[in-house]
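The values are calculated or read from the model by the stated rules, or taken from the named source; none is laboratory data. Treat the numbers as computed from the prediction; the structure is a model and nothing was measured. Positions of Cβ are backbone-derived with ideal geometry, glycine not excepted, and every protein chain shown enters the neighbour counts.
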Amino acid sequence: MAHPRTSGDTLLSRTLRLEYVTIAFGSAEAIGALVSGFVAGSVALGAFGVDSLIEIVSAFIVLGELRVLASAGTPDPKRRHRDHRGLALLFFALIAYVLTSVAVALVRREHASENALGVAVCIVSLLAMAALATMKRSSAVRLATAQYGTLARLVKADAAETMICGVLSLSTLLGVALAGSLGWWWADPVASLAVVYIATREGREAWNCEVA
């Protein structure tokens, strides 16, 4: 049987690697989505790019907590509270951005053009983010079992943000495809609304989370 401390260290190291992968992939994803969104005039791709940036910030927040624990340091409860509130604000910022962008696009009747780079970014992101979110949720469950309850909740919220990124990549892909193939110009901005419900729920949960 593995020593509890050794097992905990291994779990923390594994979660650290997941966050590093998230930051690396999210950076490439954000650049691809924002560039393709600008070129295509796509609200959905733009929102997708902004969500990718939020995902990177979320990963950095979790990374800070993990580094403290991995170095056998004592986490600061006040910092933990700020981390949870920070994640909540990221979710709320995403909601505000998406709703504003959709309203502007619908009023102006903006038409997005087809964009091969945007489609490719969405497909790759859908697969990668779904896998990362699944692994993060698994780590959150194991962290809770290993008595890292507060960190587990933080990783769970981060996993939700990662999954939102995957959901948004799917809705963006559908919106861009419908706008390009059928001429449904409104499908592109409306596709961005897919993330609002999930982001609202997770944002409230992170904001109201009690930190021990």
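Could you please let me know if Ser192 is in contact (Cβ under 8 Å) with a residue 24 or more places away in the chain, surrounded by 22 or more Cβ atoms within 10 Å (Cβ to Cβ) and in contact with a Gly (Cβ under 9 Å, 6 or more places away or on another chain)?
For Ser192, the condition - in contact (Cβ under 8 Å) with a residue 24 or more places away in the chain, surrounded by 22 or more Cβ atoms within 10 Å (Cβ to Cβ) and in contact with a Gly (Cβ under 9 Å, 6 or more places away or on another chain) - is met.
Polar (S, T, N, Q) and within 24 Å of Asp83 (Cα to Cα): which single residue out of Thr150, Thr172 fits that description?
So the residue among Thr150, Thr172 that is polar (S, T, N, Q) and within 24 Å of Asp83 (Cα to Cα) is Thr150.
For region 103-124, check the following and say yes or no: at least one residue is within 15 Å of the chain's Cα centre (by Cα), closer than 18 Å to His84 by Cα and not charged (D, E, K, R).
no
Tell me which helices (runs of 4 or more DSSP H) are completely within region 134-212 and hold 2 or more residues being among the acidic types (Asp, Glu), or say none if there are none.
149-181, 196-208
In the list Val62, Val50, Val21, which residue meets the criterion of being under 19 Å from Ala194 (Cα atoms), of a type outside the set (Ser, Thr, Tyr), part of a helix (DSSP H, G or I) and out of contact with any Cys (no Cβ under 9 Å at 6 or more places or on another chain)?
Val50 is the lone residue from the list that is under 19 Å from Ala194 (Cα atoms), of a type outside the set (Ser, Thr, Tyr), part of a helix (DSSP H, G or I) and out of contact with any Cys (no Cβ under 9 Å at 6 or more places or on another chain).
Which one of the conditions (1) modelled with pLDDT under 80; (2) of a type in the set (Ser, Thr, Tyr); (3) exposed (fewer than 14 other Cβ atoms within 10 Å of the Cβ); (4) not in a loop (DSSP other than H, G, I, E, B) does Thr100 fail to meet, given that it meets all the rest?
(1) is the only condition that Thr100 fails.
Anything in region 31-50 that is over 16 Å from the mean Cα position of the chain (by Cα) and crowded, with 23+ Cβ neighbours inside 10 Å? List them, or say none.
Residues satisfying the conditions are Ser36, Gly37, Ala40, Ser42, Val43.
List, please: which pairs have Cβ atoms under 9 Å, are six or more places apart or on different chains, and start with a residue in region 134-147 that is closer than 17 Å to Gly166 by Cα and end with one that is crowded, with 17+ Cβ neighbours inside 10 Å and basic (Lys, Arg)?
Lys136/Lys156; Arg137/Lys156
So if I check each of Thr150, Thr172, which one is out of contact with any strand residue (DSSP E or B) (no Cβ under 9 Å at 6 or more places or on another chain), crowded, with 23+ Cβ neighbours inside 10 Å, modelled with pLDDT under 85 and among the β-branched types (Val, Ile, Thr)?
Being out of contact with any strand residue (DSSP E or B) (no Cβ under 9 Å at 6 or more places or on another chain), crowded, with 23+ Cβ neighbours inside 10 Å, modelled with pLDDT under 85 and among the β-branched types (Val, Ile, Thr) holds for just one of Thr150, Thr172, which is Thr172.
Please go through region 177-196 and pick out each residue that is closer than 19 Å to Val50 by Cβ and at pLDDT 75 or above.
Answer for region 177-196, where residues must be closer than 19 Å to Val50 by Cβ and at pLDDT 75 or above: Val190, Leu193, Val196.
Taking region 129-151, which residues are basic (Lys, Arg) and under 19 Å from the mean Cα position of the chain (by Cα)?
Of all residues in region 129-151, those basic (Lys, Arg) come to 136-137, 142.
Lys136, Arg137 - these are the residues of region 129-151 that are basic (Lys, Arg) and under 19 Å from the mean Cα position of the chain (by Cα).
Can you name the condition, by its number, that Ala2 falls short on among (1) of a type in the set (A, V, I, L, M); (2) at pLDDT below 85; (3) surrounded by 15 or more Cβ atoms within 10 Å (Cβ to Cβ); (4) under 22 Å from Leu66 (Cα atoms)?
In the conditions (1) of a type in the set (A, V, I, L, M); (2) at pLDDT below 85; (3) surrounded by 15 or more Cβ atoms within 10 Å (Cβ to Cβ); (4) under 22 Å from Leu66 (Cα atoms), Ala2 misses (3) alone.
If I filter region 117-138 for residues that are crowded, with 23+ Cβ neighbours inside 10 Å and either in contact with a Lys or Arg (Cβ under 7 Å, 6 or more places away or on another chain) or charged (D, E, K, R) (or both), do I get at least one hit?
Looking for residues that are crowded, with 23+ Cβ neighbours inside 10 Å and either in contact with a Lys or Arg (Cβ under 7 Å, 6 or more places away or on another chain) or charged (D, E, K, R) (or both), one finds at least one in region 117-138, hence yes.
Hey, any hits in region 124-133 for a residue that's in contact with a helix residue (DSSP H, G or I) (Cβ under 9 Å, 6 or more places away or on another chain), of a type outside the set (Lys, Arg), in a helix (DSSP H, G or I) and within 27 Å of Lys78 (Cβ to Cβ)?
no
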